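Just so you know, all these numbers are worked out from the coordinates, no wet-lab data involved. Small disclaimer: the values here were computed from a predicted structure and weren't measured. Cβ placement follows ideal geometry from the backbone for every residue including glycine, while neighbour counts extend to all protein chains displayed.
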Amino acid sequence: MKREMVKHPSGVSVHKIRAAVLRKWGGPLKIESLELEGPRADEILVRIVASGICHTDIGIIEGWIGSEEPVVLGHEGAGIVEQVGRGVKGIAQGDHVVMSFQSCGSCSPCRHGRPADCGRFYEANFGFERLDGSNALWRSGVRGHFFGQSSFATHSLATKRNVVVVPRDLPLELLAPLGCGLQTGAGTVMNTLAVPAGAGIAIFGTGAVGLAAVMAARIVGAGPIIGVDIVPGRLELALQLGATHAIDARREDVATRIAEITGSGVDYVVESTGSAEIIRLAVDVLKPKGRVALLTGFMETRSFPGGRKAVGVIQGDAVPQRFILKLIDLYRAGQFPFDRLVKFYPFADINRAIADARKGDTIKPVVRIGNP
Ligand SMILES: [Zn+2]
Ligand SMILES: [Zn+2]
């Protein structure tokens with residue numbers, strides 16, 4: 001798609017872009033022409049090659065947060081840097097980048113290298129505006145800046161804090177989903193829970209996040225690794241990717257099966273279904289002092305009898321600039337074969353990609369947006 005540039009009254013350049021706009025809760029998304037301001041001093045204009053579709057995008061289409069539409073979603077964007085603001089150092093035009101979650105950079109956790117704990121995480125990622133309240137799509141009457149990117153578009157405005165420069169020899173369309181779902185699943189096992197070799201772990205929900213957790217559990221040498229789901233095809237894939245056991249929760253009693261497999265319960269559970277009933281079950285199957293990582297929503301740590309704990313996890317406590325490169329190295333070594341989860345769609349078919357993910361037919365849809 002050819003891009004035109006027009007003059008903005010304040011002197012900022014304005015770029016004509018195309019983006020999938022959510023105009024009413026429930027969808028569908030509609031691809032429209034919009035105007036995006038050029039980068040400010042601390043911003044980076046990225047030409048998007050592809051974007052993953054994450055469960056959180058789908059949740060927002062379904063009306064989770066009830067913010068004002070119309071908005072541009074998408075938070076697993078990958079592309080090529082087209083322009084950098086005056087103040088951005090270390091990132092250059094032409095760099096290949098994967099975008100991840102946004103953080104403020106100035107609160108105490110951000111200054112101490114823990115961006116997933118950012119005190120302004122919610123505003124920075126779900127506010128649909130910059131942290132100063134402005135919005136680079138304002139001329140079009142649409143709100144962007146979702147996770148500091150709104151990547152269901154031909155172009156995104158990001159910052160150095162949520163951009164990861166990646167090697168150029170791997171296809172950007174494959175790397176896109178590392179930015180959220182895969183980072184979250186793998187990071188929960190490797191960073192948040194820091195699962196040691198030999199520990200027993202159950203993974204409740206084997207979608208993209210859960211399967212990333214399965215692969216990470218195998219990498220750290222955990223065992224048994226028990227996948228729990230209700231979709232037989234996903235359980236089959238979990239077994240291929242490193243699960244030692246699979247439980248179909250529609251056909252088997254999960255607590256009984258876990259007791260049979262482990263004798264005394266598991267040390268860790270990764271819970272990605274968000275169902276209150278299943279969270280309770282996840283705590284029940286823990287050994288004393290065991291831990292459940294809750295991947296849905298912003299949850300406080302809760303304690304249960306026997307020293308068991310449930311901890312809320314955001315983005316697998318990852319520092320994207322380090323962790324995404326680590327996952328790429330593991331992929332090259334054949335240990336993190338996340339390409340097995342991905343299915344590609346043309347941008348024009350984004351609504352079909354979302355429908356397939358909702359049905360569970362596609363584990364990780366990626367839409368191809370621009371030329372690689
Ligand atoms: Zn912060
Ligand atoms: Zn996500």
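Each of the trypsin sites (Lys or Arg not before Pro) that DSSP puts in a loop and that has at most 15 other Cβ atoms within 10 Å breaks the chain; the longest unbroken stretch is 252-372. For Cys107, Cys180, the sequence from fewest to most other C-beta atoms within 10 Å is Cys107, Cys180. The aspartates and glutamates within cross-link reach of Lys16, meaning a Cα-to-Cα straight distance under 13 Å and a gap of 8 or more places when in the same chain, are Glu4, Glu32, Glu35, Glu37. Nearest 10 degrees, 0 to 90: what angle lies between the long axis of helix 350-359 and the longest principal axis of the chain (Cα atoms)? On a 0 to 90 degree scale, this one is about 10. The eigenvalues of the Cα gyration tensor, multiplied by 5 and square-rooted, give the range 39-153 an equivalent ellipsoid with semi-axes of 21, 18, 14 Å from largest to smallest. Looking at the chain, the DSSP beta bridges with both ends there are about 60 percent antiparallel. Straight-distance candidates among the aspartates and glutamates for linking to Lys326, with alpha-carbon spacing under 15 Å and chain neighbours fewer than 8 residues away dropped: Asp317.
Within the range 184-315, DSSP assigns beta bridges of which about 10% are antiparallel (rounded to the nearest 5).
Find how many whole Å separate the alpha carbon centroid of the range 320-372 from the alpha carbon centroid of the range 214-287. The distance from the Cα centre of the range 214-287 to that of the range 320-372 comes to 23 Å.
For the residues Gly133, Gly221, Gly290, a GNM of the chain with alpha-carbon springs under 10 Å puts the largest fluctuation on Gly133.
Taking every DSSP bridge with both residues inside the range 242-372, close to 20 percent are antiparallel. Legend: translational diffusion of the range 127-166 by Stokes-Einstein, Rh = Kirkwood radius over C-alpha pairs, 37 °C, 0.692 mPa s; D = 308 µm²/s. Each principal axis of the Cα cloud of the chain was taken in turn, and the coordinate range along them, longest first, works out to 69, 42, 40 Å. Rounded to the nearest 10 degrees, the inclination of helix 232-241 to the longest alpha-carbon principal axis of the chain is 90 degrees. Pair-distance distribution P(r) for the range 184-315, from all Cα-Cα distances in 5 Å bins starting at 0: 2, 12, 25, 27, 22, 10, 1, 0 percent.
Hey, in the GNM for the chain with a 10 angstrom Cα cutoff, which one of Thr256, Thr188, Thr159 fluctuates hardest? Looking only at Thr256, Thr188, Thr159, the largest GNM fluctuation is found for Thr256. Around the amide H of His155, modelled in the peptide plane, lie the amide H atoms of Arg18, Ile48, all under 5 Å away and 5 or more residues distant in sequence or on another chain.
For the chain, the 222 nm mean residue ellipticity estimated from helices alone, with every DSSP H stretch of n ≥ 4 adding -39500 (n - 2.57) and the total spread over all residues, rounds to -7000 deg cm²/dmol.
For the options Leu211, Leu341, Leu178, a Gaussian network treatment of the chain with springs between C-alpha atoms closer than 10 Å singles out Leu341 as fluctuating the most. Amide H to amide H distances under 5 Å link Arg143 with Val71, Val72, where only residues 5 or more positions off or on other chains count and H is placed in the peptide plane.
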